[in-house]
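Here the structure comes first, spelled out in structure tokens, and everything after it is commentary.
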Amino acid sequence: MMTDYELTQGSASIGSPPINGVATQSRQVPLESRQWRPRRTRRKYVGYMFLLLTLAATLLGVAALYVLLESVISQGWARLSWDFISNFPSRIASRAGIKAALFGSIYLTGLVAVIAIPVGVGAAVYLEEFAADTKWRRVIDINIANLAGVPSIVYGMLGLMLFVRICAFGHSLLAGACTMSLLILPVIIVTAREALKTVPNGVRLAALGLGATKWQTIRAHVLPTALPGILTGVILSLSRAVGETAPLLMIGALSYMAFVPESPMDDFTVLPIQIFNWSSRPQDEFRVAAAAGILVLLAILLTVNSCAIFMRMRFQRKMQW
Amino acid sequence: MVKGIEDKMGERRPFEPSPPYAIEARDVNIAYGARRAVLDVTLKVPEHTIVALIGPSGCGKSTLLRSINRMNDFVTGAKVSGEILFRGHNIYEPAADPVLIRRQIGMVFQKPNPFPTSIRKNITWGPKINGFQGNYDELVETSLRRAALWDEVAGKLDESGLALSGGQQQRLCIARAIAMDPDVILMDEPCSALDPSSTLKIENLLLELKDRFTIIIVTHNMQQARRVSDYTAFMYQGELIEYGPTDEVFETPRQELTRDYVSGRFG
């Protein structure tokens, strides 16, 4: 019925008689009626403006990073050598190296991982999978979220008090690792919980419905599904721990060290502290060493982050979604 | 609560199918906090039959179903009182172990929810964690055969269960439940996310499965209830309004409310 009506309307008004009852040409009708004022030009213009704004925001970030990299590479690239990595720091700028700081950073990060990952992921699993939704849990939720925003120097003071003095760890690697773990725990907990939240509830119910205990369900299905997200959070927080300086200065990490720490109870220093120390010296040669140190630190961060991406992709493939 | 029921309360006698019973609910009340979802339901489910729970949305049928294998334990604030007997044991007595109950009373959910892993592991995981001692390859094959899925997946047992179509996924979930060799299988609108031909396959499957299992199925689809079930229970606003052989409930309902619902006047 409808088609008939449109056909006759169209062919009648266009004036060309239908051939064998079929319209040869359709009439052109305005695409919009008069009651509407779409202002399409304006809307498109506004949309385009926002595209430019977001592009500018992106370029600004990239440009700042480029300026930093450019100045650091031009200053420090020539200073990079095997000697720079294998020498201990020295009063003589040309002989100064980062061996102690590099090992300190690696050991510290390793210890932080050992402490912070089980505690952080464990807390996230408890809060997300076991804890009942009570007032207490909400109080804990809010506190953890706020802890993530506490300045790192405050964690340094806490570490000085708790680990250096009360636990009597001294200015040791262990005290540093504990302090740094406290610092990154809130971030690990929050990101791990977000990852656990993305696991479809149907998976949990399916496992429980088969007579699995809660832990079996979490172990076999929930954690593996959430693992890529958990890993991302863990690695990002670890790379923050690699770069953080203030809390370690606070607990008294050394700035000059001529040996590699051999046990968690030894004194230590880390790359950012070494860089900070060199860059505050008056001699230009030490500034160059600082730039080279920054390059090594950046290389470590890049490696850690690529590991995160690689592991995430591997686990996601294994999940067979 | 519901006008018309109150008046006839006197002449309303609970329907008693012949024993033995797979599940026996006695005066079950379920509340979510202050909201009462199921009111004084008494229901006897004979062994090797299919019982359909029907009723409008929010009538408490899914809540009642979930209480039969204690899946309500995971709903915050859900409280169950009364007794639900399974093999003569009250599954709500303090000594009852919900893990054992869920292992004996399987469940198939509304949305197909295979594990994000291979078809084989979907089947074997439940038996494995519960210490199944038999031959796993055999178990995978018989479970998939009973779920009428074997012919479609025989060559690709190591592919992801999520690569299957929706209807196949749901049959995989049924196979997964069957692999546990449960007494009872609970199904919560198992076909509501499926197309008509998948639905038909699952309905035929249910008719075959009742030789081995007792099936309780919640459905919105009254034609489905009629086609597959031996007994039908009609619920309304938390109350069990009518329970009886499916033919009688649909053709000669004793309650006006049931008649209105099954004839499509509301719901």
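The values are calculated or read from the model by the stated rules, or taken from the named source; none is laboratory data. Small disclaimer: the values here were computed from a predicted structure and weren't measured. Here the Cβ positions follow ideal geometry from the backbone for every residue, glycine too, while neighbour counts run over all protein chains shown.
How many of the residues making up the range A:66-103 are surrounded by fewer than 13 Cβ atoms within 10 Å (Cβ to Cβ) and either touching a strand residue (DSSP E or B) at 6+ places or on another chain (Cβ under 6 Å) or aliphatic (A, V, I, L, M) (or both)? Final tally of qualifying residues: 4. Pairs meeting the criteria (first residue in the range A:132-159 and within 14 Å of chain B (Cβ to nearest Cβ), second residue surrounded by 13 or more Cβ atoms within 10 Å (Cβ to Cβ), beta carbons under 6 Å, at least 6 apart or on different chains) are A:ARG137/A:ALA131. Scan the range A:79-95 for residues that are under 32 Å from the mean Cα position of the chain (by Cα) and among the aliphatic types (A, V, I, L, M) and the total you get is 2. The strands (runs of 3 or more DSSP E) found wholly in the range B:169-267 and carrying at least 3 residues that are farther than 27 Å from B:GLY134 by Cα and touching a residue at least 40 places away in the same chain (Cβ under 8 Å) occupy B:214-218, B:231-236, B:239-245. The single condition among (1) more than 30 Å from A:LEU173 (Cβ to Cβ); (2) surrounded by 13 or more Cβ atoms within 10 Å (Cβ to Cβ); (3) not hydrophobic (A, V, I, L, M, F, W, C) that A:TYR107 does not satisfy is (1). Can you tell me which residue within the range B:149-159, out of those that are in contact (Cβ under 8 Å) with a residue 24 or more places away in the chain and hydrophobic (A, V, I, L, M, F, W, C), is farthest from the other protein chains (Cβ to nearest Cβ)? Per the criteria, the residue is B:LEU149.
If the requirement is being within 21 Å of A:VAL199 (Cβ to Cβ) and either in contact (Cβ under 8 Å) with a residue 12 or more places away in the chain or not β-branched (Val, Ile, Thr) (or both), which of these qualifies: B:ARG146, B:ARG120, B:ARG102? B:ARG102 is the lone residue from the list that is within 21 Å of A:VAL199 (Cβ to Cβ) and either in contact (Cβ under 8 Å) with a residue 12 or more places away in the chain or not β-branched (Val, Ile, Thr) (or both).
Looking for something within 21 Å of the chain's Cα centre (by Cα) and in a strand (DSSP E or B) - is there at least one such residue anywhere in the range B:90-100?
There is at least one residue in the range B:90-100 that is within 21 Å of the chain's Cα centre (by Cα) and in a strand (DSSP E or B).
Determine if the range B:121-139 includes at least one residue that is assigned to a strand (DSSP E or B) and either within 14 Å of chain A (Cβ to nearest Cβ) or touching a Lys or Arg at 6+ places or on another chain (Cβ under 9 Å) (or both). Within the range B:121-139, none of the residues are assigned to a strand (DSSP E or B) and either within 14 Å of chain A (Cβ to nearest Cβ) or touching a Lys or Arg at 6+ places or on another chain (Cβ under 9 Å) (or both).
Small (Gly, Ala, Ser), more than 14 Å from chain A (Cβ to nearest Cβ) and not in a strand (DSSP E or B): does that describe B:SER62?
On the way: small (Gly, Ala, Ser): yes; more than 14 Å from chain A (Cβ to nearest Cβ): no; not in a strand (DSSP E or B): yes.
No; evaluated as a whole, the condition is false for this residue.
Does the range A:233-250 contain at least one residue that is touching a Pro at 6+ places or on another chain (Cβ under 8 Å), within 14 Å of another protein chain (Cβ to nearest Cβ) and not small (Gly, Ala, Ser)? Checked against the condition, which is being touching a Pro at 6+ places or on another chain (Cβ under 8 Å), within 14 Å of another protein chain (Cβ to nearest Cβ) and not small (Gly, Ala, Ser), the range A:233-250 yields no hits at all.
For the range A:205-321, which fully contained helices (runs of 4 or more DSSP H) count at least 3 residues that are among the β-branched types (Val, Ile, Thr) and either more than 30 Å from B:GLY131 (Cβ to Cβ) or at pLDDT 90 or above (or both)? Working first, answer last.
Numbers: elements: A:214-217, A:223-243, A:246-250, A:271-279, A:284-319.
Here the list reads A:223-243, A:284-319.
Among the residues making up the range A:255-286, those that are among the hydrophobic types (A, V, I, L, M, F, W, C), surrounded by fewer than 21 Cβ atoms within 10 Å (Cβ to Cβ) and within 13 Å of A:ILE98 (Cα to Cα) are A:ALA258, A:PHE259, A:VAL260, A:PHE276, A:PHE286. Return the residues of the range A:179-220 that are surrounded by 22 or more Cβ atoms within 10 Å (Cβ to Cβ) and at the interface with another protein chain (Cβ under 7 Å from one of its Cβ atoms); say none if nothing qualifies. Once the filter is applied, which keeps residues that are surrounded by 22 or more Cβ atoms within 10 Å (Cβ to Cβ) and at the interface with another protein chain (Cβ under 7 Å from one of its Cβ atoms), the range A:179-220 yields A:ALA206, A:LEU208, A:GLY209, A:LEU210, A:GLY211, A:ALA212.
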